[in-house]
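Scroll down for the structure; my scribbles are underneath it.
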């Protein structure tokens, strides 16, 4: 980005790690240099926030496509790209290309493929991928079934100081299931798998991470049993963190009732008791990250019978407002919301962002938390509008976005 005059944002409510407080923030170059009682210099670019929340740009951990218009709409300034690309991110050249793909208005942090071709058999060139710009290593959309391969991965990643991002579904149980076994799947005649497929995968991966002394991030944990395993592992000091997308705290498998393929997700939607367990886990700190799982898919993937449709949702634009529903419902406060959306994912990726602190990169979002709007799949900025929240009213909108101190939205 070209050099610009220092930026000072005044008259806002700062979303600081210590809580919300009124104040100003000044950025010189691409760094935050002063926070609080700050007066702009004569040569500064001055932005009047008019009481809006001044928050860190969101850090979206685990997207499947680089969709800059959707990310900017949603206040996302950094996105961790899953390795499930074409070709997979299992070579340093592919990682290097991905890392450059969003600049200058978006930082893309590739997640290196754990195994060659994401086939779960042979470890990929992870150290070379790290040197090419990978910020973590991921198993992709699938679980590594071979426990020996998974243990070698965890040990190697621990040696390299990299987080392993895993998908938690026992493939032997999940098979080709598109729904969670239960009343809804039975009524609809859908191929289903027991919810325990997730808990079994989580139990094994936690056990192996404990043996290896590795840092494990389970990208989506969506069932009560699996969340109990994560909670117990944390209590005994295992370096495990957990994430979830808004779909699994907003929707249960009842949403499948009309065979709407926009609700065909991976992992599939769960029962209401599991949805409530996810909300409780967000409240008590068991879940560390809320991510969009952004995966825009067009009609060729979604206008199919439910069992044939591809999983995934366009989630970047709704990530912030849906998370703010948890604030309005009293589940979490605003400070915790931005830790889930920015601070914690930035820490896992090892990037100097996600917090409004002096010295951090000047990725800043201006947010009106009360602004109402209606999600409309036909008018989304995303490459495709496959959202399960179509026509739903929400509150919370980004009104200004700065990447490295430069306005991008």
Given contacts defined as C-alpha pairs under 8 Å and at least six residues apart, what's the relative contact order of the chain, whole-number percent? 19 percent
Quarter of the Cα convex hull surface for the stretch 187-331, i.e. its orientation-mean projected area (nm²): 9.1 nm²
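Relative contact order, percent, of the stretch 71-225 when contacts are C-alpha pairs under 8 Å separated by at least 6 residues? Walk me through the numbers before you get to the answer.
Values: 299 pairs, mean separation 28.4, N = 155.
Across the stretch 71-225, relative contact order equals 18 percent.
Would you mind classifying the stretch 95-213 by shape? Square roots of the alpha carbon gyration tensor eigenvalues, ordered a ≥ b ≥ c; an a/c under 1.5 is rounded, otherwise it is prolate if a/b is larger than b/c and oblate if not. Numbers along the way, then the final one.
On the way: a/c = 2.70, a/b = 1.57, b/c = 1.72.
Oblate is the answer for the stretch 95-213, as a/c is 1.5 or above yet b/c matches or exceeds a/b.
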Compute the long axis of helix 196-212 from its Cα atoms, compare it with the longest principal axis of the Cα atoms of the chain, and write down the angle in degrees, 0 to 90, nearest 10. 70 degrees
GNM, the chain, Cα, under 10 Å: largest mean-square fluctuation among 170, 368, 42? 42
Can you tell me the 0 to 90 degree angle between the C-alpha axis of helix 272-284 and the longest principal axis of the chain, rounded to 10? 40 degrees
From DSSP H assignment alone, runs of 4+ in the chain each adding -39500 (n - 2.57), the sum over residues rounded to the nearest 500 puts [θ] at 222 nm at -7500 deg cm²/dmol
Most fluctuating residue given options 331, 178, 54, as computed from a GNM of the chain linking Cα atoms under 10 Å: 331
Pick from 293, 343, 175: which residue has the top mean-square fluctuation in a GNM of the chain where Cα pairs under 10 Å get a spring? 175
Relative to the chain, whose Cα atoms define the longest principal axis, helix 319-328 and its Cα axis are tilted in degrees, nearest 10, by 80 degrees
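In what sequence do 336, 21, 264, 303 fall when counting other Cβ within 10 Å, fewest first? All intermediate terms of the calculation are to be shown ahead of the outcome.
Numbers: 336 18, 21 12, 264 27, 303 9.
So the ranking, lowest neighbour count to highest, is 303, 21, 336, 264.
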For residue 127 and residue 37, calculate 0.36 nm times their separation in residues minus their Cα-Cα distance, and state this gained length in nm to one decimal. 28.0 nm
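Any read-out appearing in this document is the output of simple, stated calculations on the displayed coordinates, not a laboratory observation. This structure is a prediction, so every number in the text was calculated from the model and none was measured. Cβ coordinates were reconstructed from backbone atoms using ideal geometry, including for glycine residues, and neighbour counts include every protein chain displayed.
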